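Step one of this worksheet: look at the structure below.
The values are calculated or read from the model by the stated rules, or taken from the named source; none is laboratory data. Remember, predicted model here, so these are calculated numbers, not experimental data. Heads up, the Cβs are rebuilt from the backbone with ideal geometry, glycines too, and the neighbour counts pull from every protein chain shown.
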């Protein structure tokens, strides 16, 4: 049986991937785990935060996305990303211009975030139909001065910045622009949706939220969308969660594109949004500071004590089991 597209299931991570991790080293204080955004290595009085992600579903903005998506993972620790390395895999018959576009995109994104590109690898790879960029980002913190996706506690409120499906909206509006136009989606809406790439970074809100205080955990919902990200955060923290569907913001552009492809915006890749677990008595402070910094944010739920208790309160007030995505709905849309 073939594996579904996208992230490997949590069962396979536990039974296969996490059983093959080489030797244990004492300085690795946070290694692989379900829902975690990166690793932590303690060296002297500093903690090194390291994360890695590929860009596989986008083509036009691939270099720019590679830097921002990996930088986002560092920011979920409340740490400013500082370094980036990449592995560029180009398809056969790729030309110099393709390489120049990807590298210039990475350069622009890195300069905008204050990141140094420190190395990597480039090659033309047989069998590829489009470029793939695998990135690795790093940040440096004072030892122990960070949060992880696994720190949420029962009673913490769950905040979501921006809206669901940010990255997926931008990708589909770009990669399937002509098909959406022919299907009746307005060019004005699609042109707006394509600007969602500008919302991809969560570095500002991640670092800012941590500085405010009261933040227990943060996680950026990538593949699997907001619902997948919530499950990953609850898995990492070993807690349950109650989510209120009508509190999750969904942009008009996202709704229209998802209606066209008949996909769920809550299961659409959502880089650009940030999930933040906040102690109840800090919620108003965090919300107010983020909003004063022009960051849209909403309180979408709370964490519960029983890990198996994952509830979605629907718009009609009915309570159902919180859906766990099998595969990101971006892949469903791109296949059509």
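General remarks:
- Elements of type strands (runs of 3 or more DSSP E) in the range 29-109, at least 3 residues being under 16 Å from the mean Cα position of the chain (by Cα): 46-55
- Of all residues in the range 265-288, those being in contact with a helix residue (DSSP H, G or I) (Cβ under 7 Å, 6 or more places away or on another chain) and surrounded by fewer than 17 Cβ atoms within 10 Å (Cβ to Cβ) number 1.
- Conditions (1) surrounded by fewer than 18 Cβ atoms within 10 Å (Cβ to Cβ); (2) touching a strand residue (DSSP E or B) at 6+ places or on another chain (Cβ under 8 Å); (3) over 29 Å from residue 294 (Cα atoms); number of the one not met by residue 133: (1)
- When the range 152-167 is limited to residues that are modelled with pLDDT of 95 or more and under 14 Å from the mean Cα position of the chain (by Cα), the one that is surrounded by the fewest Cβ atoms within 10 Å (Cβ to Cβ) turns out to be 162.
- When 86, 47 are checked against the criterion of being touching a strand residue (DSSP E or B) at 6+ places or on another chain (Cβ under 6 Å), under 28 Å from residue 159 (Cα atoms) and modelled with pLDDT of 95 or more, a single residue qualifies: 47.
- Test: residue in the range 313-321 that is surrounded by 15 or more Cβ atoms within 10 Å (Cβ to Cβ) and either in contact with a strand residue (DSSP E or B) (Cβ under 7 Å, 6 or more places away or on another chain) or more than 29 Å from residue 200 (Cβ to Cβ) (or both): yes
- Flag for residue 325 being touching a helix residue (DSSP H, G or I) at 6+ places or on another chain (Cβ under 9 Å), surrounded by 17 or more Cβ atoms within 10 Å (Cβ to Cβ), assigned by TED's automatic domain parsing to the domain that holds residue 193 and at pLDDT below 95: yes
- Hits in the range 192-212 (condition: within 16 Å of residue 167 (Cβ to Cβ) and part of a helix (DSSP H, G or I)): 192, 193, 194, 195, 196, 197, 198, 199, 203, 205, 206
- Lone unmet requirement of (1) farther than 24 Å from residue 78 by Cα; (2) without any contact (Cβ under 8 Å) to a residue 24 or more places away in the chain for residue 252: (2)
- With respect to the conditions (1) touching a residue at least 24 places away in the same chain (Cβ under 8 Å); (2) surrounded by 14 or more Cβ atoms within 10 Å (Cβ to Cβ), residue 45 falls short on a single one, namely (2).
So that you can scan it fast, the table gives a plain yes or no per residue for (1) free of Cβ contacts under 8 Å to residues at least 60 places away in the same chain; (2) closer than 19 Å to residue 328 by Cβ; (3) within 17 Å of the chain's Cα centre (by Cα):
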| residue | (1), (2), (3) |
| --- | --- |
| 244 | no, no, no |
| 268 | no, yes, yes |
| 276 | no, no, yes |
| 282 | no, no, no |
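- For the criterion of being within 28 Å of residue 9 (Cβ to Cβ) and either in a loop (DSSP other than H, G, I, E, B) or at pLDDT below 95 (or both), residue 174 fails.
- Check on residue 195, at pLDDT 95 or above, under 17 Å from the mean Cα position of the chain (by Cα) and under 24 Å from residue 274 (Cβ atoms): no
- Options 102, 118: the member that is over 19 Å from residue 205 (Cα atoms) and in contact with a helix residue (DSSP H, G or I) (Cβ under 6 Å, 6 or more places away or on another chain): 102
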